[in-house]
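Written below as C-alpha cells is the structure these notes are about.
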Amino acid sequence: MNGIYTILLLCLSNVFMTLAWYGHLRLQQTGVTSNWPLIGVIAFSLGIAFFEYCCQVPANRIGFQGNGGPFSLVQLKVIQECISLIVFAVIANFLFQGQSLHWNHAAAFLCLVAAVYFVFME
C-alpha cells in the first residue's frame, strides 16, 4: 500500500508543482496577473508550491526503503520525473491549448519509460 500512497501523493504534488511553475503564465494571458509585480507572482507561486511540498515530502518518506517503503532513492526520483512529465503534458494541453505534443515529445517520454524500466531492474 505504501507504493500506491507514494504514487498518488506524487501525482497530487506534481499537479501543484505544475500550477505553481506555469499556472501564473495562464493567469497572465487571461489578464488576472498581468499587472502584478514579479514579487507578487513569485509569492503566489510559492503559496501554491507549499501544497506541493505538503504532498511531496510525505510521498518520499512513505515510499523510501529506509522508512519501510518499497522504493530506493533513485527509483523515487525516476518515478517523480515521469509523473511530472505526464502531469505537465495534461495540464499544458488543458491550460495552453495552443501547445501541441509532437513526435519528439513522445520519443522523449518513451525514453523516460525506459529509464523507469532500467531503474527497477535488479
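The rows are residues; the columns are (1) part of a helix (DSSP H, G or I); (2) open to solvent by 100 Å² or more (accessible area, probe 1.4 Å); (3) closer than 17 Å to W21 by Cα; (4) touching a residue at least 24 places away in the same chain (Cβ under 8 Å).
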| site | (1), (2), (3), (4) |
| --- | --- |
| Q80 | yes, no, yes, yes |
| V90 | yes, no, yes, no |
| F94 | yes, yes, yes, no |
| Q99 | no, yes, yes, no |
| N104 | yes, no, no, no |
| A107 | yes, no, no, no |
| C111 | yes, no, no, no |
*Residues that are crowded, with 17+ Cβ neighbours inside 10 Å, modelled with pLDDT of 95 or more and not β-branched (V, I, T): which helices (runs of 4 or more DSSP H) entirely in segment 1-67 hold 2 or more of them?*
2-18, 38-63
_segment 113-122, residues that are more than 24 Å from Q56 (Cβ to Cβ) and assigned to a helix (DSSP H, G or I)_ = A114
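Can you tell me which residues in segment 27-51 are of a type in the set (A, V, I, L, M) and within 15 Å of M17 (Cα to Cα)? Outline the logic, then answer.
In the first step, residues of segment 27-51 are kept if they are of a type in the set (A, V, I, L, M); the result is 27, 32, 38-39, 41-43, 46, 48-49.
Passing the criteria: V41, I42, A43, L46, I48, A49.
The values are calculated or read from the model by the stated rules, or taken from the named source; none is laboratory data. Quick caveat, the model's predicted, so the values are computed rather than measured. Counting neighbours? That spans all protein chains shown, and the Cβs are built from the backbone with ideal geometry, glycine included. The accessibility values were calculated without ligands, DNA or RNA, using every heavy atom of the protein model including side chains. Shrake-Rupley method; radii C 1.70, N 1.55, O 1.52, S 1.80 Å.
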